[in-house]
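Peer 1: Dropping the structure in here first, questions after.
The values are calculated or read from the model by the stated rules, or taken from the named source; none is laboratory data. Just so you know, these numbers come straight off a predicted model, no measurement behind them. All Cβ positions, glycine included, derive from the backbone under ideal geometry; neighbour counts span all protein chains shown. Remember, those area values only see protein heavy atoms, side chains included, never the ligands or the DNA or RNA. Shrake-Rupley method; radii C 1.70, N 1.55, O 1.52, S 1.80 Å.
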Amino acid sequence: MDGNGRWAEQRGLPRLAGHEAGSKSIERCVQACLDTGVQYLTLYAFSSENWKRPALEVNGLMLLLENFLNQKRDEMVREGIRLHHIGRIHELPSVCQRKLREAMQATAANTKLHFTLALSYSGRTEILDAVQSLAREVAEGNLDPKAITSQVFESHLHTAGIPDPDLLIRTSGEMRISNFLLWQLSYTEIHVTKKYWPDFGRDDFLAALDDFQSRSRRFGGV
Ligand code: IPE
Ligand code: MG
């Protein structure tokens with residue numbers, strides 16, 4: 001979800017106004033998933049690297065997260081949306097952790113759309129966390145190193161239980177992965193749009209799905 005800052009700058013507004021406008025794009029994309037039958041949506045909302053931003057911006061983003069969870073919890077319950085998170089949730093302010101846990105609990109029985117927020121997330125850190133937990137099991141004598149298959153490894157990632165993405169949408173025209181789902185994106189189709197995230201609407205989401213459907217996926221075969 002990139003381009004909030006540039007969107008705001010274009011309009012002579014503070015960066016936080018861009019982030020606020022960006023939350024509306026989330027609503028549009030979630031609705032488009034519900035309407036088209038997309039069952040998994042993962043949003044890169046806040047990266048581990050984003051902590052380096054000025055405190056004013058970080059605090060504003062955390063407040064937006066808190067408000068989003070407050071406002072959307074009941075709607076998620078009603079609409080069949082199940083909330084998940086990936087990332088080092090313990091690094092978030094405790095109020096955000098509590099709201100996240102509450103919303104995840106309240107939506108735990110839902111199955112229509114698995115909606116995952118990546119918060120304080122870094123793909124490399126996720127892999128390191130998995131390696132450490134596997135190494136611990138080996139050291140304790142509970143795991144044979146030869147038994148570490150892709151499946152076992154994936155079960156130690158934050159995304160355990162969530163399938164690898166079919167499609168990655170990157171807004172604001174940037175051509176990089178930026179530490180997102182490094183393991184999981186191996187065979188993901190990539191769609192880049194120049195639109196800034198706050199301008200990304202339903203039609204853009206549908207255009208990305210159309211683009212995806214035109215791809216020929218061979219997974220290394222012929
Ligand atoms: C993405 O927009 C939102 C978050 C990282 C939370 P940016 O804030 O990165 O927007 P630009 O890149 O400055 O335009
Ligand atoms: Mg950016």
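Peer 1: Restricting to Cα pairs below 8 Å that are 6+ residues apart, what does the relative contact order work out to for the range 64-154? Please round to a whole percent.
Peer 2: Relative contact order of the range 64-154: 31 percent.
Peer 1: For the chain, what is the Kirkwood hydrodynamic radius in Å, using each pair of distinct C-alpha atoms?
Peer 2: Evaluated on the chain, it is 18.7 Å.
Peer 1: On to the next question. Quick check for the chain: number of Lys pairs with alpha-carbon distance under 17 Å, counting only pairs 8 or more apart or on different chains?
Peer 2: Value for the chain: 4.
Peer 1: Can I ask one more? Give the relative contact order (percent, whole number) for the chain; include only Cα pairs under 8 Å separated by 6+ residues.
Peer 2: Averaging sequence separation for qualifying contacts and normalising by length gives 26 percent for the chain.
Peer 1: Let me ask you something else. How much solvent-accessible surface does Tyr196 expose, in Å² to the nearest 10, with a 1.4 Å probe and all protein chains in place?
Peer 2: For Tyr196, solvent-accessible area is about 50 Å².
Peer 1: Per residue, how many Å² of accessible area does the range 1-40 show with a 1.4 Å probe?
Peer 2: Details: 2060 Å² over 40 residues.
Per residue, the range 1-40 has 52 Å² of solvent-accessible surface.
Peer 1: So what does Ile169 come to for accessible area, using a 1.4 Å probe and Å² rounded to 10?
Peer 2: 50
Peer 1: Rounded to the nearest 500, what is the 222 nm mean residue ellipticity of the chain from helices alone, with -39500 (n - 2.57) per DSSP H run of 4+ residues and division by all residues?
Peer 2: -15000 deg cm²/dmol, from helical runs alone.
Peer 1: To continue, here is another question. Across the range 91-101, in residue order, what do the Karplus-derived ³J(HN,Hα) couplings come to in whole Hz, using 6.51 cos²θ - 1.76 cosθ + 1.60 with θ = phi - 60° and x for Gly and Pro?
Peer 2: Those phi angles translate into 7, 7, x, 4, 5, 5, 4, 5, 4, 4, 4 Hz.
Peer 1: May I pose another question? Once amide H atoms are built 1.01 Å from N in the peptide plane, which residues 5 or more positions from Leu181, or in another chain, come under 5 Å H to H?
Peer 2: Correct list: Gly123.
Peer 1: I want the local charge near His158. Using Cβ-Cβ distances under 10 Å, sum +1 for each Lys or Arg and -1 for each Asp or Glu among the other residues.
Peer 2: Here the count lands on -1.
Peer 1: Assigning unit charges at the beta carbon (Lys, Arg +1; Asp, Glu -1) and nothing else, what dipole magnitude in debye, to the nearest 20, does the chain show about its Cα centre?
Peer 2: 260
Peer 1: Which whole-number percent gives the relative contact order of the range 1-119, counting Cα pairs below 8 Å spaced six or more residues apart?
Peer 2: Relative contact order, the range 1-119: 32 percent.
Peer 1: Specify the inter-centroid distance of the range 138-172 and the range 1-60, based on alpha-carbon positions, in whole Å.
Peer 2: 27
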